[in-house]
Structures are given as structure tokens and as C-alpha cells.
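Enquirer: Provided herewith is a single structure, encoded as C-alpha cells, for subsequent inquiry.
Bear in mind these aren't lab numbers, they're just calculated from the coordinates by the rules spelled out. This structure is a prediction, so every number in the text was calculated from the model and none was measured. Here the Cβ is made from the backbone with ideal geometry for all residues, glycine too, and neighbour counts use every protein chain on show.
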Amino acid sequence: MSEYITPIRTYLAVFLALMALTTITVAVAFLELGPFNDIAAMGIAITKACLVVLYFMHVRHSSRLTKMVVVAGFLWLFILIAFIMSDYLTRGMISLQGPIG
Amino acid sequence: MQGESSHAFGLAHHFDSFDQQREASYLGMWVFLVTEIMFFGGLFTAYVVYRSGQGAAFAIGSHELDIVLGSINTAVLIGSSLTMALAVWAAQTGRRKAIVAFILATILLGGLFLGIKVVEYSAKFEHHLVPGPNFHWQGPEAPGVEMFFNLYFLMTGLHAAHMVIGIGILLVVAILAWRGSFSPENHNLVEGIGLYWHFVDIVWIFLFPLLYLLGRNIQV
Amino acid sequence: MSDTVTTPPRRKHYLNVDYGIKSWLLTQDHKRIAILYLISITFFFIIGGVMAALIRVELATPLGDLVEADTYNRLFTAHGVLMVFLFLIPSIPAVLGNFLIPLMIGAKDLAFPKLNLGSWYVYNLGALLMVAALLRGGTDTGWTFYTPYSSTFADSEVILTALGAFVVGFSSIMTGLNFIVTIHRMRAPGLTWFRLPLFVWAHYGTSLIQVLGTPVVAIAILLVAAERLLHIGIFDPALGGDPVLFQHLFWFYSHPAVYIMILPSMGVISELIAAFSRKRIFGYKFVAFSSLAIAVLGFLVWGHHLFVSSQSIYAGLIFSVLSMLVAVPSAVKVFNWTATLYQGSISWQTPMIYALGFIGLFVIGGLTGTMLATLGIDMHVHDTYFVVAHFHYIMVGGAIMGYLGGLHFWWPKITGRMYSVFWSKIAAGLIFVGFNLTFFPQFLLGYMGMPRRYHAYPEEFQILNVLSSAGATILGLGYLLPLIYLFWSMRYGERAGDNPWGAYGLEWETSSPPPTLNFDEPPVVTTEAYDYLSLREKKLA
């Protein structure tokens, strides 16, 4: 099993895409989109992160095991945030007011 | 070592082949990065929790950050990721001088990022926006704004600390590369520090919108 | 270690390949590093044990007559911190796991030998910080470092102890990372996942928790230290912060951390049950996957520590239900061990006594755990001795029984010597009896309403407390015995032979003690794990 070597033009294309996405995210931040401001900013950030992980970090051409490790890492971060937020977002649902909200 | 004469130079005694050694090193680095995701994850969680409670204060706080410097820094860091990726490419294809050149470019861009960060931090010092006893905020939502700056300094500070460590390791790797320590079969160190550097870039890819951009559209 | 009568030419193994302090302190051999860990954790187990003894002496009478309330706070904090971070978490993984995983999978070493040695130094650095905190008067926050007490009000060595836990956490991460990569990448030819010993599966699950959980508690502890040091308010309600967020981050790791202690122990028990029943573990795949299930489910239940901490009642309900789910894979293990015993040819060797003791104690600990996971019951017994008894049944009755059982099982492999069978059986019996006498009364005390973490109590609780203290004396004696006869055996014990138990597994196919690179011939695996049937046929033929 030898190493896959990404061609230089792929790196350059990814770099240009990342720069373009950075410009877009800054521009979009000044528009009035209501809740979609947050969604757009996070969506673009996730896209950029995926590009870096897949191409710069070679995960696209790595073993299934590596892909699983990467997915597990972000999945556990999601568990951490989601379960904690399940507490904070439901605290206001009873009349007793929690420290937040 | 018990008659391990068949072992090639650069292959550790307990591995059977360069492939095994490379895969172990690559997997190990990724597992380490997973621990880093969770390490930063605690801070990101705190951000999400506190922002959900006081979005208005966090919007005010984000207006105090310098969006121009922040954007430039994002571009600089993405550029350094490109040069880092090219350094790994150079190692894979056995171009000794190119490895050194690309690593030095990465160090340079990383240094530029930290330099700009210092400019930003010192502006915050002048405006008394550094958390602690000297924090001073005249406007509305003072407690929430202070919490925003607590998180801003902790998150960017931890990120910057990772960059400083990364630059230190890059310097060592550059010297090793100059001495010709790496070959197309054996360049795990270049690949490993590359993964680390890209990870640090990813953290910033999230920090930038969270701290600088969210709430920009709101008039304060 | 200067044996005078040896028959030349003397066989080289990992213990005699090199002498001198440097050959130990700079070793990269996983077996020697395991010994280094064994020395370190035994030292802190003794110190933590002395703290426990002082606690039990204080609680023998209702009045606070031995120590002040404040000193008592520092005592139980030190007991908890030392036992959890410096003994239980590294105990089985860093000693037995470190020694055995490469042997069991037919590798020459762990994937990253230098990282392995580094983890021991990092452990000791963290331990040093904690000892420094102790010498400067100790910490009084409890091992949980709850905010806002730890961040704002406590007037003790919080920062040193917290940083100690932070640093020790990294050694735990290093061990876990090393195991994951080793199990994935270093297995001998033919050793597929479903041929792995269940000990290895259990350690794989453990390593996942170490890697995914530890960084979160690290950052939480770091934030407390930052809050104290820099006077910034991360968890400060005055800034809209929430002290309960610390509890969330803390228990996201510290609940799974209980599985860091119990999972490796379960791995040991699987090995012992198979070896001393002379049978393949019943439902091998179920037991293997139950380790992973415990590791994963363990991350979804931490909120049951926050039932009375102003956590939302709805989150509490979800966490309560999820907590009960952990009982499923745990029960799978217990039922399958029991089924393995059925019609096995059981031999009552010392390790087997520990294994059977483990099953009994773990069942009690686990079932009271389901009681505590029930939202309504927990409201009543939260922060009482019921909780203290429950987690000691898991962490002492479970984890330490497994650790001692494993240590007795593999001691002949580690040292090449056999210990006194008589004394080891006496010790195992004392520990089982002493343990139950110490902690069963605490269930009753807790249910009657005695809160934890107080140095004085109403008189009606005295009888049960005296029973508990008496049990602790027996338990202490039981722990002292192995320390003596195991030490003694290193010099005077009979030579054990390569496979004294007639057990199945790669670690028994190499010599005792094993050579530095573990195997003279690289092993190739062609059979399932615990293939005792073919072993018996081979012997008959």
C-alpha cells in the first residue's frame, strides 16, 4: 500500500476555493439574513474545513479507518455540544428560571 | 537487537515495514488530532452555551474586533496551509531543498499571523478590553461583553499557543530536512507536522466567523 | 536481583538483559515501563489508602474528634484525587495492558515506545504537582473541583492539584493513543479482530474513552485554574456564566472515566473465567462488542450526575433513560461469564477467586447504579453514602478485584516466579469479606439519609459506621498481604514455567519472563481465541 501523491494543481485549486469562500463569508456577514447569517457562516466554515481535511490532509485518499477516526472526532464534539445544549435549551420550558435564559 | 540486520535505516526495530511504520504514524497523528478537537471542543461548547444566552452582548463584542485584520489573518493562515501541503508534497517526491523552502515559507506566514495577532491584542489592551480586573466597558450589556472577551482571549490564545508550538517543531523539521533525513519512504515527521498545521488552520476557520463575523449584521 | 546459582548459559529476558538505574529510566521496552508504572501506582495506592484509613478512623465515632472539619475535607479530597487519577485510571491499562497487549497480539512492542516512556514521566510530573499541593496543605474542593467553590471561594491549593490532574490526563491520553494504534497496526499475521483476546477488546474500548474524553476535562480544569489565576469569570454568574457548565464538561469525561477503570477489569475477568473454566467465553462476539457499547454509551449518560444541579428536568429525563441503557451491555457480560462457567472444568486458583468475587460485587454495584440512574430515587439519595457505596462497589469491588486478579494471573509471566498459593487465597478471602463489610453498611447509611463528605454524624448512625470501619481494617490487611508475598516471591518464589495455568493465548507461548522483543520467532495465529478444546485434544494426543 503506497502513498497517494496529490498533484500540485489540486492543492492550488483548493487554496483558491478557500480564499473565495473566505471572501464570500465576510461579504455575507454584512447582509441582513435573519437566522440565515449564522447558518451561512457555519455552512461556509464547515465547507472550508472539509476541503482542508479531504485534500490538504489527504483524508480523501486515506484508508477507511482514517476516515472513521476523523468522523468520530467531529461526531463526539457534536455529542458534547448537543447534549449540553439539550439542557440549556429546555431550562426555560418550566416556570423556574435557570441562570441562563 | 537480535539479528535485526535486515532492518533498513530509519525503520524502527519494532516495525516490519516502512508501510506499517507510516500507517502507524499517520493513524497516531490523527488520533492525537481527535484529542485536540475535543480539547478545543470544550471552549467551543462554552461559546455556544453562553452565546445562546446572550447573543446581543456577543454581537456587541464582535463589533469591537478588527474585521480587516481578522480577514487578512484568515488569508495568511490559509496560505500557510498551502505551503505546508506543498512541503509534504516535496517530501513525498523527494525534493530536499523544496521541503526546506516550503517549510520556511510556512514559518514565515505563521509568524506573520502571530504578528498581526499581537497588533490586535495590543489594541485590546489600550481599550481595556482584556479580561480580568482591568476590564472596562462603558456601553450596554457589560457582563456579556466581558464574557465575550474572556472567550475571545482564551480561544485565540490557545490557538496562538498551538501555532507557536507548531512553528517550533517546523524549525526542527526544516533542519532535519536540510540534513536529508527524509526520503519518499520515510517522511512521517513532515507529514505529521503537516497534519497538525492544517488542524490549527481548521480551528481558525471556525474561530474567525464565530468571533469576528456573527452579529455583524446587527446594528449596535 | 543477583541470583547466585544459575545454570549457564543463562537465558536472556527483559529483566536481566541490562542492569542499572539508567537501563530502567530510559527503557523503551513496554514490559519495563509496565513495571515502572506498577511501582508508581502502588506507591500512590498506599498513600490514598492511608487517607481512607484516616477517614474511617474519624468516622468510627459520631463526633469529629480526630480531625477538624476542614482537615477532613482535605483528607477525602486527597483520597479521591490520588485514588482516581493516580491509581485507578492508570492501574490496569498502564500496568497489565502495557505489559500484555503487545504480547497478546504478537508484537515486539507498542507502536510508539518513546511515547510510552514519556507517558510515565508525564504521570510522575502530574503526581509531583499533586504531592506538592498535599505538602502545602492540600485541597478541599473534593476530587470533582466543582465551581463556583473551586474557582472563587476555596482557600486551598486548588491550582496545583488541578494542574496535576491536567498533566496526569495527558499521560492517560498517551497510553490510550498508543493502544489504539498498536491494536490497529501491530497485530501478528492471522490475528483478526475476532481472534483477539477479550482483554484487548476491553482495552480498545478503554482507549477510545481516554482519547475522546480526557481532553474535555483537561480544558475544564484549565478554565478553573485560569479563573483563579487571572481573575476572569468563565463560570461566573455575574457575567452570565454558569457554574453548572463546569459540571457538564467535568462529567463528560469523568463519567466515562468510571468505564476507564471498569472496562479493563472486565477484560481481565474474561481472561480469567476462560482460563479457569477451560472454555471459550460464551458469546465471544457479544462480549467483545459490549466493551465498545459501554465505551460509546458511557458518553451519553453524564447528566445523571447533575439531577439536582439545576439541570433542566427534560435533559434529566433523557439522561436517566440513557443511563439505564448501560445496564444492557454490562448484563451481557455478566450473563456470558456465568454461561461460560456452566459445565466448565473450574479450578479454584487465586485469580479465579478474584474473578468470581468481581462478578458478585459488580452485580451489586451495577444494580445500585440503575437505581441511582432513576431520576426519582436519585433526588432522595443524591450525595449520600448510598452513592459512596455504589461507586466503591464499582471502582474498588470491580476495578481493584480485576486488577488484583489480573496481577495474580500474570505475575508468573511478569516475574517468572510463583507466589504463595496459601497466602494469596487468604488475602483474596480477606479482601472479599473486608470489602463487603466496609461498604455494604454504607448503602444502608445512605438510604437512611447520612450525607457524604461530613466528618461528624448523628449517633443513630454509629453502629453501621463502626461496622464499616471494622471492615476497612480487614480490607486493609487484605491489601497488605499481596504486597508482602508478591515481593517475597520475586526472590524466593518457585520458578513458574512458561504457562503455569495451562492457559490459552500468545502471551503464554513465549517464555517467562519474556525476552525483550517478546517472541523468539514471530508468531503466526491460526486459531480462535480461547481454543481450549483443541488444547485439550493436543494434550490427549
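Enquirer: Take peptides C:80-92, C:346-358 and line them up by average Cβ neighbours within 10 Å, highest first, as a rough protection proxy.
Expert: C:80-92, C:346-358
Enquirer: Right, another one. Hey, rough spin-label estimate for C:Trp488 and B:Leu171, points 7 angstrom out along Cα→Cβ, what's it come to in nanometres?
Expert: Distance between the two pseudo-spin positions: 5.8 nm.
Enquirer: What FRET efficiency comes out for C:Met371 versus A:Ser63 if R0 is 51 angstrom and r is the Cβ-Cβ distance? Round to the nearest 0.05.
Expert: FRET efficiency, C:Met371 to A:Ser63: 0.70.
Enquirer: Cross-link candidates for A:Lys48: which lysines have Cα within less than 19 Å, leaving aside residues fewer than 8 places away along the same chain?
Expert: Here the lysines satisfying the reach criterion relative to A:Lys48 are A:Lys67.
Enquirer: In whole Å, largest first, what are the principal axis extents of the Cα atoms in chain C?
Expert: For chain C, the Cα extents along the three principal axes come out at 74, 49, 43 Å.
Enquirer: Now a separate question. What is the average number of partner chain Cβ atoms found within 10 Å of a Cβ in B:188-195?
Expert: For peptide B:188-195, the averaged partner shielding equals 1.
Enquirer: Take every residue in peptide C:101-112, count the Cβ atoms of other chains within 10 Å of its Cβ, and give the average of those counts.
Expert: Mean partner-chain Cβ count within 10 Å for C:101-112: 3.
Enquirer: Hey, which aspartates and glutamates would be in cross-link range of C:Lys285, C-alpha to C-alpha under 18 Å, not counting anything within fewer than 8 residues on its own chain?
Expert: Partners within reach: C:Glu271, C:Glu528, C:Asp531.
Enquirer: Quick one: angle between helix C:313-325 and the longest Cα principal axis of chain C, in degrees between 0 and 90, rounded to 10, please.
Expert: Helix C:313-325 and the main axis of chain C meet at about 20 degrees.
Enquirer: What's the percent breakdown of Cα-Cα distances in the protein assembly as shown across 10 Å bins, shortest bin first?
Expert: The percentages, shortest bin first, are 2, 12, 21, 24, 20, 13, 6, 1, 0, 0.
Enquirer: Report the local net charge at C:Pro243: Lys and Arg +1, Asp and Glu -1, summed over other residues whose C-beta lies under 11 Å from its C-beta.
Expert: Charge balance in the 11 Å sphere: -3.
Enquirer: Continuing with this model, one more query. How many percent of the alpha carbon pairs in the stretch A:1-77 exceed a separation of 21 Å?
Expert: Above the 21 Å cut-off, the stretch A:1-77 has 42 percent of its Cα pairs.
Enquirer: Percent of alpha carbon pairs in the stretch B:113-220 separated by more than 25 Å?
Expert: Tail of P(r) above 25 Å: 39 percent of Cα pairs.
Enquirer: May I ask you to work out the translational diffusion coefficient for the stretch C:156-310 at 37 °C, viscosity 0.692 mPa s, via Stokes-Einstein with Rh from the Kirkwood sum over Cα pairs, reported in whole µm²/s?
Expert: The diffusion coefficient I find is 189 µm²/s.
Enquirer: Contact order normalised by length for chain C, with contacts defined as Cα pairs under 8 Å and 6 or more residues apart; what percent is it?
Expert: Rounded, it is 18 percent for chain C.
Enquirer: Under a point spin-label approximation (7 Å from Cα along Cα-to-Cβ), what is the C:Val524-C:Tyr149 distance to one decimal in nm?
Expert: Each label point lies 7 Å from its Cα, and together they span 6.2 nm.
Enquirer: Report the local net charge at B:Val49: Lys and Arg +1, Asp and Glu -1, summed over other residues whose C-beta lies under 14 Å from its C-beta.
Expert: Neighbour charge sum, excluding B:Val49 itself: -1.
Enquirer: Calculate the FRET efficiency for C:Met379 and B:His136 from the Cβ-Cβ distance with a Förster distance of 60 Å, rounded to the nearest 0.05.
Expert: 0.85
Enquirer: Moving on to the next point. Rounded to the nearest 0.05, what FRET efficiency do A:Phe74 and B:Leu158 have when you use their Cβ-Cβ distance and R0 = 22 Å?
Expert: Taking R0 as 22 Å, the efficiency between A:Phe74 and B:Leu158 is 0.75.
Enquirer: Can you tell me which aspartates and glutamates have their Cα less than 19 Å from the Cα of C:Lys108? Leave out same-chain residues fewer than eight positions away.
Expert: Counting by Cα, and skipping residues close in sequence, C:Lys108 has these aspartates and glutamates nearby: B:Glu4, B:Asp16, B:Asp19, B:Glu23, C:Asp18, C:Asp29, C:Asp498, C:Glu507, C:Glu509, C:Asp520, C:Glu521.
Enquirer: State the extension gain, in nm to one decimal, for the chain segment bounded by C:Trp348 and C:Leu292, taking 0.36 nm per residue of separation less the distance between their alpha-carbons.
Expert: This chain segment gains 17.2 nm when fully extended.
Enquirer: Right, another one. Evaluate the distance, in nm, between pseudo-label points positioned 7 Å from the Cα of C:Leu540 and of C:Leu125 along their respective Cα→Cβ axes.
Expert: 5.8 nm
Enquirer: Could I ask something else about it? What is the average number of partner chain Cβ atoms found within 10 Å of a Cβ in C:172-178?
Expert: Shielding by partners across C:172-178 averages 3.
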